Amino acid sequence: MSKADFQTLQRRFAAHLRNPQNHSAPGDIEERRLDIYRTLFFNNVNGFITQGFPVLYSILDAQRWQRLVRTFFDQHACQTPYFLEIPQEFVTFLASGQGLEEGDPPFLLELAHYEWMELVLDASTEQFPTTGFHPEGDLLRAIPQLSPLHVVLSYQYPVHEICVEFQPQTPLSQPLWLLVYRDRADQVRFMEINAPTARLLQLIEENPDNTGFQVVGQLAEELQFADVEKLAAFARDILLQMHQRDILIGASLKPC
């Protein structure tokens, strides 16, 4: 068999494994062996997606789930060979609009994204820094230090509450802000926050040389809030709460 013929055979075989109903198998392969490969390949991918998106899996009926995963397996060209990155590829697939059907939950993509971000934090190899800051430093007078194991997310649906019994069909009147993080006990948690708090965390991340008070001043300017001292007192309570939850890990002095 020439190299070209072998590659053609490989493509036919792969196409059949991806979608047996639409692509016939090479004629010289025993059906029993084909069935083993069909089952093994699909179940591996299905298993990773089911484990990565347990809530989404629970709210879709079995046939709809099978069609969705089969379409992903058949049509999506993954950009990574790593099994742990299959959930990210699945979210990319959903975001492209492929595989969606009339009657799907309107929150499907947002729920999948939220579950994926929980998985990202759970699997992250990032570690809490141990040097370069004071764990109990003043979060306003010094430079607040963010944990690398957090993410601020915004959604149109209350994705953290969705389950079999609660499936909202219309978006919220205002965007929902969620802070998802992994604490020092390696537990992935979340908290609902408001838009100013989300912006405060974003400003801390964007301005790594600014003290907490300077960041609050920027926020006050954006919000057109005249009393910066009053806002700082309010922000201190929020920052302390973030510190207690391991979202802020301490503070460092401003470099000379």
For this session: Could you please find all residues in the range 216-256 being touching a residue at least 60 places away in the same chain (Cβ under 8 Å) and more than 19 Å from residue 181 (Cβ to Cβ)?
Result: 216, 232, 236, 252, 253, 254
Problem set entry | One residue from 151, 164 being touching a helix residue (DSSP H, G or I) at 6+ places or on another chain (Cβ under 8 Å), in a strand (DSSP E or B) and assigned by TED's automatic domain parsing to the domain that holds residue 243 | 151
Seminar exercise, completed: Checking 178, 146 in turn, the sole residue that is under 19 Å from residue 252 (Cα atoms), in contact (Cβ under 8 Å) with a residue 60 or more places away in the chain and touching a strand residue (DSSP E or B) at 6+ places or on another chain (Cβ under 9 Å) turns out to be 146
For this session: Sort through 201, 219, 231 and tell me the only one that's assigned by TED's automatic domain parsing to the domain that holds residue 159, modelled with pLDDT under 95 and under 24 Å from residue 252 (Cβ atoms).
Result: 231
Exercise. Can you name the residue in the range 151-199 that is of a type in the set (S, T, N, Q) and under 25 Å from residue 244 (Cβ atoms) and is also surrounded by the most Cβ atoms within 10 Å (Cβ to Cβ) among such residues?
Worked result: 197
Seminar exercise, completed: Flagged in the range 183-211 as assigned to a loop (DSSP other than H, G, I, E, B), touching a residue at least 12 places away in the same chain (Cβ under 8 Å) and more than 20 Å from the chain's Cα centre (by Cα), in numbering order, are 208, 209, 210, 211
Exercise. Does at least one position in the range 117-139 carry a residue that is more than 26 Å from residue 192 (Cα to Cα), in contact (Cβ under 8 Å) with a residue 24 or more places away in the chain and among the small types (Gly, Ala, Ser)?
Worked result: yes
Seminar exercise, completed: The one condition residue 60 fails out of (1) exposed (fewer than 13 other Cβ atoms within 10 Å of the Cβ); (2) within 20 Å of residue 107 (Cα to Cα) is (1)
Exercise. Residues 80, 39: which one is among the β-branched types (Val, Ile, Thr), free of Cβ contacts under 8 Å to residues at least 60 places away in the same chain and part of a loop (DSSP other than H, G, I, E, B)?
Worked result: 80
Exercise. What number of residues in the range 90-108 are buried (at least 19 other Cβ atoms within 10 Å of the Cβ) and without any contact (Cβ under 8 Å) to a residue 24 or more places away in the chain?
Worked result: 2
Problem set entry | Residue that is at pLDDT 95 or above, of a type in the set (A, V, I, L, M, F, W, C) and over 27 Å from residue 123 (Cα atoms), where the choices are 195, 226 | 195
Seminar exercise, completed: The condition of being under 17 Å from the mean Cα position of the chain (by Cα) and either at pLDDT 85 or above or within 16 Å of residue 20 (Cα to Cα) (or both) holds, among 100, 84, 34, 94, only for 94
Problem set entry | Conditions (1) surrounded by 15 or more Cβ atoms within 10 Å (Cβ to Cβ); (2) at negative phi: number failed by residue 41 | (1)
Exercise. When residue 100 is evaluated against the numbered criteria (1) touching a strand residue (DSSP E or B) at 6+ places or on another chain (Cβ under 7 Å); (2) outside any helix (DSSP H, G or I); (3) not basic (Lys, Arg), which criterion, by number, is the only one it fails?
Worked result: (1)
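The values are calculated or read from the model by the stated rules, or taken from the named source; none is laboratory data. Every value quoted in this text rests on a predicted model; they were computed, and no experiment measured them. As a convention, Cβ positions derive from the backbone with ideal geometry for all residues, glycine included, and neighbour counts pool all protein chains shown.
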